[in-house]
Amino acid sequence: MRVLLVEDDRSLGETLQSWLQLDGYAVDWVMRGDLADTALRTHSYDCVVLDRGLPRLSGDSLLATLRAHGNAVPVLIVTARDTLADRIAGLDLGADDYLVKPFDLEELSARMRAAIRRGTQQAQAAGESHVDGVRLDPAAKRVTLHGEPITLTAREFAILHALMRNSGRILTRSQIEEALYGWGDEVESNAIEVHIHHLRKKLGAERIVTRRNLGYTLRGDR
Ligand code: CA
């Protein structure tokens, strides 16, 4: 489990980092909002512990941007502001939970476990699939390879989605054509080969296996 800790108070940051590491998490700690933004664009995390008052980019702005991009990572806001209006503002921006400083470290752990559990359940309900380092989120139309975002065309996305939904099974050409049906025009005879070629370039050549005269299958099951 990998956690992004965003806290500009050095002493609190050190305390939280040590605590979370003892709790078994791999912790990336950054002290500025813009650095957190970069980390979230380039890595995938199981949870974010986010301070609100941060240099360069506030926790609120960071959270709003994150959700606008369809990133559903569980976020726990940690803040000194303890008025009711502030709490509601944070939750409205898409935070999963809220802790007011000073807080008990055991409580932080418990709230994180709960947020991560809910996040996993939501991802499963949303039909997110994960095969051997490739993660596909159909709602956000987002694909990552080992946490790095991958840009796919709509058709490449549709083919990958079909292969991932049928992970462990062979998908015939006509099943893939069906997955593409509805993208507007006729599927040309060599179109599937071309899309598969591009997917292999983006995801690794060995990932999609050709089963001669049968179809295609994804290598690396779960
Ligand atoms: Ca702060």
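Structure notes:
- Only a single item in (1) within 18 Å of Ile116 (Cβ to Cβ); (2) in contact with a Phe, Trp or Tyr (Cβ under 9 Å, 6 or more places away or on another chain); (3) charged (D, E, K, R) is not met by Asp23, and it is number (2).
- Restricting attention to region 50-71, the residues being crowded, with 20+ Cβ neighbours inside 10 Å, within 12 Å of the ligand (Cβ to nearest atom) and of a type outside the set (Asp, Glu) number 4.
- Among (1) modelled with pLDDT of 80 or more; (2) in contact with a Lys or Arg (Cβ under 9 Å, 6 or more places away or on another chain); (3) crowded, with 19+ Cβ neighbours inside 10 Å; (4) not polar (S, T, N, Q), the one test that Ile159 misses: (2)
- Filter pass, Asp46 being of a type in the set (Asp, Glu), away from the ligand (no atom under 14 Å from the Cβ) and more than 28 Å from Pro138 (Cα to Cα): no
- First in region 152-166 and over 22 Å from Gln124 (Cβ atoms), second anywhere and of a type in the set (Phe, Trp, Tyr) and surrounded by fewer than 19 Cβ atoms within 10 Å (Cβ to Cβ), Cβ under 7 Å, 6 or more apart: Ala154/Trp183; Arg155/Trp183
- Count of region 1-23 residues which are surrounded by fewer than 18 Cβ atoms within 10 Å (Cβ to Cβ) and either within 13 Å of the ligand (Cβ to nearest atom) or under 20 Å from the mean Cα position of the chain (by Cα) (or both): 7
- Test: residue in region 97-115 that is among the acidic types (Asp, Glu), buried (at least 16 other Cβ atoms within 10 Å of the Cβ) and touching a Pro at 6+ places or on another chain (Cβ under 7 Å): no
- Any hit, region 128-151, residues being assigned to a loop (DSSP other than H, G, I, E, B) and modelled with pLDDT of 90 or more: yes
- Looking only at region 72-111, and only at residues there that are away from the ligand (no atom under 15 Å from the Cβ) and more than 27 Å from His43 (Cα to Cα), the one that is modelled with the highest pLDDT: Asp104
- One residue stands out in region 112-127 among those that are of a type in the set (A, V, I, L, M, F, W, C) and at pLDDT 80 or above: the one that is nearest to Leu218 (Cα to Cα), namely Ile116.
- Residue identified as within 14 Å of the chain's Cα centre (by Cα) and within 21 Å of Met31 (Cβ to Cβ) among Val75, Val100: Val75
The values are calculated or read from the model by the stated rules, or taken from the named source; none is laboratory data. In this text, all values refer to a predicted model and were calculated from it rather than measured experimentally. Heads up, the Cβs are rebuilt from the backbone with ideal geometry, glycines too, and the neighbour counts pull from every protein chain shown.
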